[in-house]
Amino acid sequence: MTGNGDERMRRHRWALALAVLLGVKALGFLPQAREPEERKLVTALAVDGGEEIRVTAVTGVRVTEEEEAEVLAGTGPSLAQACRSLRGRSARRPYLGQTEQLLLGEAQDLEETLDFVLSDRELRLDTLLYIIRGTAGEALAASVKKVAGETGGQDPRGRTVGEILPRLAQEEFALAPALIPGDEGALEPAGWAVLSPDGVAGYFEGEAALGASLLAKLETGQVVTLPSGAVELLAVRTWAVDGVLRCTLTARAVEGDPERGELEAWGERCLGLALAPGWDCWGLDREEALLRPLTWGKERDGSLEDLKIMVTGKLVET
């Protein structure tokens, strides 16, 4: 079988598995998540590839039982076997049904991980997916105190497996937050990882990451330093039509006397850097297709660099 055939089968498998899972969930056939007393509840799971798959898990804390967070580790020739080998100080079996965060090291195979999530009876599609710049297990173990006490749903950048899989199944790119180990064991934002059906295609960093966030409409509350002062972004709107990427940035001055033109120039620069690699993680081609359905198929493979960027800045008083 050709490589292209293998890729088509993989994407069709993901799409079919998603449809089945979502269908049975809608019909109420899936069992509700429980917290068995005889199990250790895993809240974060890190996976690293190599000659053997290495998994590292952090257990949640039951306040009523005055528990402490525990780090579990396991290895195996496959991800499923590595998870089954997770062991800690307790005899209770780890339970993955409460996992909120799934952290992948850069060497871990993305396809194997997504296949495992779809086939495992415990892991959920609403688990948040992160890419760790480096070794995920070491980073998770170093941040155990912080991770054990937080919920992944607090991260506005969070992307779930269920949000990422449909884009990959349609041969599109998807964003996942990238993290790096920081001071005092905390995992800190490191831009965005760009996922493709074949794995991590690259990263958005610096102003390119800000541009990617603008396109995802996530930078509300961001303080931007401009030549004449600083502004806080209050609202972001982006859309693509007729070969033009339009963006409206609404902000208020928080320092100095910033000018609207400076805000617009900043937005154009960040958006241009995000479009430059040609990774459409936001469905811009689909937005254009709404007005030109007959020509979409011919133009879908066009470069994002061909889009003209037009930014309108609005400075308001609050």
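Which residues, taken from region 166-185, are touching a Pro at 6+ places or on another chain (Cβ under 7 Å) and open to solvent by less than 10 Å² (accessible area, probe 1.4 Å)?
Result: Leu168, Pro177.
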Inside region 253-268, can you point out the residues that are surrounded by fewer than 16 Cβ atoms within 10 Å (Cβ to Cβ) and either within 19 Å of Ser213 (Cα to Cα) or free of Cβ contacts under 8 Å to residues at least 12 places away in the same chain (or both)? Ala265
Among the residues in region 19-37, are any modelled with pLDDT of 60 or more and farther than 20 Å from Leu128 by Cα? no
Taking Glu188, is it touching a Gly at 6+ places or on another chain (Cβ under 6 Å) and open to solvent by 10 Å² or more (accessible area, probe 1.4 Å)? yes
Any idea which of (1) in contact with a Leu (Cβ under 7 Å, 6 or more places away or on another chain); (2) modelled with pLDDT of 95 or more; (3) open to solvent by 80 Å² or more (accessible area, probe 1.4 Å) is the one Glu305 doesn't satisfy? (2)
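The values are calculated or read from the model by the stated rules, or taken from the named source; none is laboratory data. It should be emphasised that the depicted structure is a prediction, and the values quoted were computed from it without experimental measurement. Don't worry about glycine lacking a Cβ; one is built from the backbone with ideal geometry, like all the others, and counts go over all protein chains shown. Just the protein is used for accessible areas: all its heavy atoms, side chains included, with ligands, DNA and RNA removed. Shrake-Rupley method; radii C 1.70, N 1.55, O 1.52, S 1.80 Å.
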